[in-house]
Amino acid sequence: MRLTRKFNDVVEEVRIVLQTDFNVTPDKIKAYRERVSGNGHDFPIGTNYTPFTEQHLDYEVQRAAIPQHILNIMKNYDPRLCGPASACQIIGEDITTIYDGQQRSIATALLGYK
């Protein structure tokens with residue numbers, strides 16, 4: 001059995017840390033998202049989307065989430081530069097696990113993308 005965690009559980013933990021330790025309020029997150037939405041750019045063509053609710057993080061290969069790094073990604077977020085995370089389904093398991101791209105995926109989720 002692989003060491004995995006539900007993606008949205010980790011996102012919520014990071015949200016709490018950003019609010020308590022970095023004073024990142026919901027209004028600040030909304031302002032970051034509005035800046036991204038207003039820049040006129042979208043994700044690259046051909047990106048395959050899997051809802052975050054269906055994803056897990058594979059901690060056998062991923063490092064722990066780093067709230068400060070995720071905040072820096074959010075402040076400078078540009079969907080053209082946010083390459084899709086690498087994920088797969090393990091044979092015999094019915095979950096999709098992210099094994100590369102956790103930090104940018106968490107930033108994407110915190111900005112309100114699904």
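Read-outs throughout are calculated quantities, based only on the coordinates presented, and are distinct from any laboratory measurement. Just so it is clear, the model here is predicted, and its values are computed rather than measured. Counting neighbours? That spans all protein chains shown, and the Cβs are built from the backbone with ideal geometry, glycine included.
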Which whole-Hz couplings ³J(HN,Hα) result when phi for each residue of the range 4-17 is put into the Karplus expression 6.51 cos²θ - 1.76 cosθ + 1.60, θ = phi - 60°, listed in order with x for Gly and Pro?
-> 10, 9, 5, 4, 5, 5, 5, 4, 5, 4, 5, 4, 5, 4
For the chain, compute the number of Lys pairs whose alpha carbons are separated by less than 18 Å, excluding pairs fewer than 8 positions apart on the same chain.
-> 4
Here, GLU13 and VAL61, labelled 7 Å along Cα→Cβ, have an inter-label distance in nm of 2.0 nm
Radius 11 Å from Cβ of ILE90, net charge of other residues (Lys, Arg +1; Asp, Glu -1) | -3
Segments 20-27, 93-100, 59-66 sorted - mean Cβ within 10 Å per residue, highest first | 93-100, 59-66, 20-27
Which residues does a label at ILE95 reach in the range 1-45, if reach means a backbone N under 16 Å from a point 7 Å past the Cα toward the Cβ?
-> 1-13
